[in-house]
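Every number in this text was worked out from the coordinates using simple rules, so none of it is lab data. Note that this is a predicted model, so its numbers are computed, not measured. For neighbour counting, all protein chains shown are included, and Cβ atoms are generated from backbone atoms with ideal geometry for every residue, glycine included.
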Amino acid sequence: MQAVPSEFLAIDRKERANRPFFDLDLRPPEVRTCDFDDVVISFDPERAMVEAARCIHCPDPAPCMLACPAHNDIPSAMWLIEQGCFADAANIYHKTSSLPEICGRVCPHEALCQGSCVLNKHHQPVQTGELETFAVDYQRRTDGYIIPVGTPSGRKVAIIGAGPAGLACAEQLVRKGHEVTVFESKPAPGGLLVYGIPNFKLPKDVWGEKWGEFERAGVKFQPNTYIGKDKTIDGLFAEGFEAVFIGVGSEIDAKMEDTPGTDLCGVYEATDFLIRGNVDPALLPDDMRRPLELGRRVVVIGGGDTASDCLRTALRLGAEEVTCLYRRTEKEMPGGKKDRKMARDEGAKYRFLTQPVKFIAGADGKLAAVECIEMKLGEPDAKGRRRPVPVEGSNFSVAADTAILALGYWPDPILGKTTPDLEVHDWGLIIVKDKATGATTRPGVFSGGDCVTGPDLVVTAMVGGRKAAAAIDEYLRNK
């Protein structure tokens, strides 16, 4: 329920809706492409209060709340920010979100809460994402935030994967007093928050401070441990863990099968490129510490948020020409419009209805060009998007010395192969019997996030982890 006083109902909503709108302040493109620092200039308290005061406080349930996968009580937070009660607003977000400082930065707000703001009809929406970021950052800088820890239950839970789903599950479980150990195949916790999302969207120091909250709450972390290879789920139960949560994401790069030349020097998969281009070498796995060899002309193949991240990373690494090749039109692109606009502002170019069919080597054996074919849109596919159809005889070449394949992600099939009675489908996605609990076909094993749904948003993975934590707590107490 909203914390807005009843007397507010007498305030003229029309007057609020007509208050001036000021867009986000961004560092200039020619400045921000010289480093990997945050692009958005954060609100100061006065700016935050003015922006929050534009909220007209729709009757419950407000459209922004319904559109938020975590169902954050956004109107109550807006009211508190407007009154200058920033820490109280942050606590509103902490009630329903385990990662508010992350979601405030990386959620596609224009497609969720902000996109559902009723002001969109005739005005500009309230900038809910930046206000969430402001409130939680303010609280962290002034009061700090402590994850409340419950009375010890004596129960041990293993979390596989230190990404958004696993972290949310861990945060909720320590609140219930359970002992939690997070197992991660990489050297540092965070999953895609560290090894996927670039620093200019999510500064690493923000995540570092967040992880400190988990450490102070007693969450244990075991790095460089690949469950399915170094240990098994059966082995975790044998070690005394009474429940297991799988939150390994969906991080295997999709391949361009039957496309010649993808093994050439100069052709990178998106994950490899982003990790080596954005992460401190001290946090890299041993097999990723060799520096990137980036050419002058870069092409990125794909149309999602990962493609935008690759385009913008290549520009910051010094590429002179950076072009996105996409086989449909911009209308069909799955990635966020905000990231594409930023990429364009920074110098990236887009070439639509273009499908690479061959990667061509130069005299030195390295990538020199990408042969492409023009496409046209045919009938809709199963998801409603029109199918790209090749235009016969339209082949042409694009000069490039670096190509990055940002084609999407597949699940890692290893847990399905190494865990008896754990059912999977579609190349390794984990089957859950009940989406509300994340319970799998293996008793005591729960799952959530991208390893269940396929590639999705940070916030949906976080919500999946929280739901599973509630089910795990009930499972342990009834065991």
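Each peptide among 130-140, 256-266 gets the average number of other Cβ atoms lying within 10 Å of its residues, and from highest to lowest they stand as 130-140, 256-266.
Per residue, the chain reaches -9500 deg cm²/dmol at 222 nm when only DSSP H runs of four or more residues are counted, each adding -39500 (n - 2.57).
According to the calculation over all Cα-Cα pairs in the chain, the P(r) per 20 Å bin from zero is 23, 53, 23, 1 %.
Can you give me the convex hull volume of the Cα atoms of the stretch 73-219, divided per residue and expressed in Å³? Spell out each step's value before the answer.
Details: hull volume 16.9 nm³, N = 147.
Per-residue hull volume (Cα only) is 115 Å³.
Expressed per residue, the C-alpha convex hull volume of the stretch 6-142 stands at 118 Å³.
With a cut-off of 15 Å between beta carbons, the residues surrounding A17 carry a summed charge of +2, where Lys and Arg count +1 and Asp and Glu -1. Among residues other than A70 with Cβ under 14 Å from its Cβ, the summed charge is -2 (Lys and Arg +1, Asp and Glu -1). For the stretch 326-396, the gyration tensor built on C-alpha atoms gives an oblate shape. Its axis ratio a/c (a ≥ b ≥ c) is at least 1.5, and a/b is not larger than b/c.
Note down the net charge around V50, summing +1 for each Lys or Arg and -1 for each Asp or Glu among other residues with Cβ under 15 Å from its Cβ. Please list the in-between numbers first.
Numbers: positive: R16, R19, R47, R54; negative: E15, D23, D25, D44, E46, E51, E82, E130.
Local charge sum for V50: -4.
When the alpha-carbon atoms of the stretch 255-407 are used, the pair Rg, Dmax equals 15.4, 49 angstrom.
Dividing the Cα convex hull volume of the stretch 151-229 by residue count, how many Å³ per residue is that?
Values: hull volume 6.5 nm³, N = 79.
Taking only Cα atoms, the stretch 151-229 has a hull volume of 82 Å³ per residue.
For the chain, the dipole from Cβ point charges (+1 on Lys and Arg, -1 on Asp and Glu) about the Cα centre works out to 640 debye, to the nearest 20. Cross-linked pairs K204/K417; K156/K479; K338/K376: Cα-Cα separations exceed 22 Å for K204/K417; K338/K376. For the stretch 11-69, the Stokes-Einstein estimate of translational diffusion at 4 °C and a viscosity of 1.567 mPa s comes to 91 µm²/s, using the Kirkwood hydrodynamic radius over alpha-carbon pairs.
Which peptide among 292-298, 184-190 comes first, and what is the full order, when sorted by highest mean count of other Cβ atoms within 10 Å?
On the way: 292-298: 17.9, 184-190: 22.1.
Going from most to least packed, we get 184-190, 292-298.
Of the residues A162, V174, H122, the one whose Cα sits farthest toward the positive end of the charge dipole of the stretch 113-177, with +1 on the Cβ of Lys and Arg and -1 on the Cβ of Asp and Glu, is V174.
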